[in-house]
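Single-structure report; data block below.
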Amino acid sequence: MGKVRVRIAPSPSGRLHIGTARAALFNWLFARNQGGDFLLRIEDTDESRSSKEMIDVIFDSLKWLGLDWDEEPIFQSKRLDVYNRYVEKLLESGNAYRCWCKPEDLKRKQEEAKSKKITSRYDRHCLNLTEDEKKKLLESDEPYAVRIFIPGGKTVFNDLIVGETSRDNSEIDDFVIARSDGRAVYNLAVVVDDHEMRITHVIRGNDHITNTYKQIQIYKALSLEPPRFAHIPLILGKDRSKLSKREGATGVTDYEKMGYMKEAVVNFIALLGWSPGDDREVMTTDEMIVSFSLERINPANAILDIDKLNWMNGEYIRACDNNKLIDLIRPFLIEAGLTTHLWINSRWEWMLKFVAILKERCKLLTDFAEQGRYFFVDKFDYEEKGLNKYFSPESAGYLKRWLDALNSLEHFDVGNLETSLRDLCGELGIKPAALIHPTRLALTGTTKGPPLFDLMELLGRQECMRRLERAVDFIEKGYKNA
Ligand code: GLU
């Protein structure tokens, strides 16, 4: 076999959902691993469901994931003539025939079969017309569909993931390859395109296996060599049920808006059914390319576990360069109304420290805006639970002493803050926690967060003192927000 050529063939539906993104990734990894080509085909023959915006979403999603394609994309909507030429060929060779049956008659026959509990098949009424009858109908300009003739026997193929699969041809039926309005149907278009694009491997979801039998019959009828097929397993929800509309329909670019890093999404999607054969989970795309093989795709259904994606995203955040991280969280901070581009750009060193102290705790890029809100905004309520636990007239007394100490601190940095707090606690005869907890609540409004002295250094002396004074005031005035 020559150079590997694979493709992804999304129908524009307004988003590139997780199943298609995974098929795209597996095709891309396979192509890059084999030194082959990864092509893009837009299956946009259903005009009512395709628009430029929807097609742009596909391009943007693939680009976001870093799945670059070779050659110009193919649009099926521009190839209707090509498909019709193949339909003509099949009619000429006698592998297809015209069918003048009216939809209502076909429907009636289908319902009859259903009531008798037998599988409905086309009864070849039009195949069995006499030559005279066919000629008359053809001359009458009566619209007709074109059906492929499926001979007896079995359709067998050796799937690279599923193994050998077969279906009795009687179950395939003489299906329509061109509708009465002259438009070729999906399965014919796929075969024509895969052939003309010189596709060597068709890697797609196993919900397409039924189509594969039909497509193999079209290849046979056209005397063409079919490509190799690799059908990847379904993706199920965590409870092993079919993906719910919400999870399944989530578009790849929605993950970006939810605060996921593309590297994490790619890594996570790659592991939906594939593994490198050892216990590695976090991998770069280059590592994935090197280890990728179709044999290592598990034929069992894959489970979509969002908790795992969250964990993985956290791993990527921790490993991410802090400069890059600032740019990644920038849109979320601005969207939350916490800051501006100008501010971020002019306080880069501060921002580097901000991401450094928060990244350990963040799973999503959006977490920086949520968990780090108090760095930008000084108006916040004290968390109820913490308030009852850590604020009291006694703690207000400690905070006042702490304020004095902070005021006279020579350098307001982590080391000095720590020594100062320990010294003061020693003097007061209290445990450090008795001061640490009220301080954190006073400075952040919450009971959890990054190491206290780091966040104090980052907030700065003035801001820390202002917030501590406010907390003292709040306690002394009987817990009323000023
Ligand atoms: N348009 C099909 C889909 O979106 C792709 C079929 C194929 O890969 O052959 O599922």
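Rule-based calculations on the coordinates, nothing more; no lab input. Keep in mind that what you see is a predicted model, and the values were worked out from it rather than measured. Using ideal geometry, Cβ is built from the backbone for each residue, glycine included, and neighbour counts are taken over all protein chains shown.
From the gyration tensor of the Cα coordinates in the stretch 237-379, what semi-axes in whole Å does the equivalent ellipsoid have, largest first, with each one equal to sqrt(5λ)?
Details: eigenvalues 215, 62, 26 Å².
Each semi-axis is √(5λ); the values are 33, 18, 11 Å.
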Distance in Å, no decimals, from the C-alpha centre of the stretch 399-457 to the one of the stretch 1-77 is 56 Å
Summing -39500 (n - 2.57) over the DSSP H runs of n ≥ 4 in the chain and dividing by its residue number, what mean residue ellipticity at 222 nm do you reach, to the nearest 500 deg cm²/dmol?
-15000 deg cm²/dmol
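Based on the Cβ-Cβ distance from SER293 to PHE376, what FRET efficiency comes out when R0 is 51 Å, to the nearest 0.05?
Here the calculated transfer efficiency is 0.60.
What is the Rg over Rh value, at two decimals, for the stretch 107-239, using alpha-carbon atoms and the Kirkwood definition of Rh?
Details: Rg = 17.5 Å, Rh = 17.0 Å.
Reported Rg/Rh (Cα atoms, Kirkwood Rh): 1.03.
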Cα gyration tensor, the stretch 70-109 - rounded (a/c under 1.5), prolate or oblate
oblate
Using the Cβ atoms and a cut-off under 12 Å, what net charge is assigned to the surroundings of ILE216, where Lys and Arg are +1 and Asp and Glu are -1?
+2
Per residue and in Å³, how big is the convex hull formed by the alpha-carbon atoms of the stretch 324-482?
116 Å³
Can you compute the equivalent ellipsoid semi-axes for the stretch 1-61, i.e. the square root of 5 times each eigenvalue of the Cα gyration tensor, sorted largest first and rounded to whole Å?
24, 12, 8
I'm checking a number: the convex hull volume of the Cα atoms of the stretch 1-124, normalised per residue, in Å³. What is it?
196 Å³
Calculated diffusion of the stretch 291-333, Stokes-Einstein form, Kirkwood radius summed over Cα pairs, 10 °C and 1.306 mPa s, µm²/s:
120 µm²/s
Counting other Cβ atoms within 10 Å, which trypsin sites (Lys or Arg not before Pro) in the stretch 304-355 have at most 16 and lie in a DSSP loop?
ARG347
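In the stretch 406-474, which trypsin sites (Lys or Arg not before Pro) fall in coil by DSSP and have 15 or fewer other Cβ atoms within 10 Å?
LYS448
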Between helix 393-407 and the chain: long-axis angle, C-alpha atoms, 0 to 90°, nearest 10
80 degrees
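Quick one: net charge of TYR83's neighbours, Cβ under 9 Å, K/R +1, D/E -1?
+1
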Cβ under 15 Å from LYS109's Cβ, LYS109 left aside: what net charge do those residues give with Lys, Arg +1 and Asp, Glu -1?
+2
Surface/4 of the Cα convex hull for the chain, nm²:
31.7 nm²
In degrees, nearest 10, the alpha-carbon axis of helix 18-34 is tilted away from the dominant principal axis of the alpha carbons of the chain by 80 degrees
Which is farthest toward the positive dipole end of the chain among ILE177, GLY386, MET465, measuring Cα position about the Cα centre, with Cβ charges +1 (Lys, Arg) and -1 (Asp, Glu)?
ILE177
How far is helix 209-221 tilted off the main Cα axis of the chain, in degrees rounded to 10, range 0 to 90?
40 degrees
No partner Cβ under 4.7 angstrom, meaning no disulfide-compatible partner by this rule: which Cys of the chain qualify?
CYS101, CYS320, CYS362, CYS425, CYS464
For the stretch 88-171: rounded, prolate or oblate by the Cα gyration tensor [a/c cutoff 1.5]
oblate
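Hey, any idea what the orientation-averaged projected area of the convex hull of the stretch 391-441's Cα atoms comes to, in nm²?
3.3 nm²
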Over the C-alpha atoms of the stretch 406-482, what are the Rg and the largest Cα-to-Cα span, Dmax, in Å?
12.4, 34
In terms of the charge dipole of the chain, which places +1 on Lys and Arg and -1 on Asp and Glu at the beta carbon, the residue among LEU138, ILE344, LEU455 farthest towards the positive end is LEU138
Taking the highest mean first, how do the peptides 45-55, 261-271, 174-184 order by number of other beta carbon atoms within 10 angstrom per residue?
261-271, 174-184, 45-55
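Which value, in debye to the nearest 20, gives the size of the charge dipole of the chain about its Cα centre, when Lys and Arg are +1 and Asp and Glu are -1 at the Cβ?
In debye, rounded to 20, the chain gives about 960.
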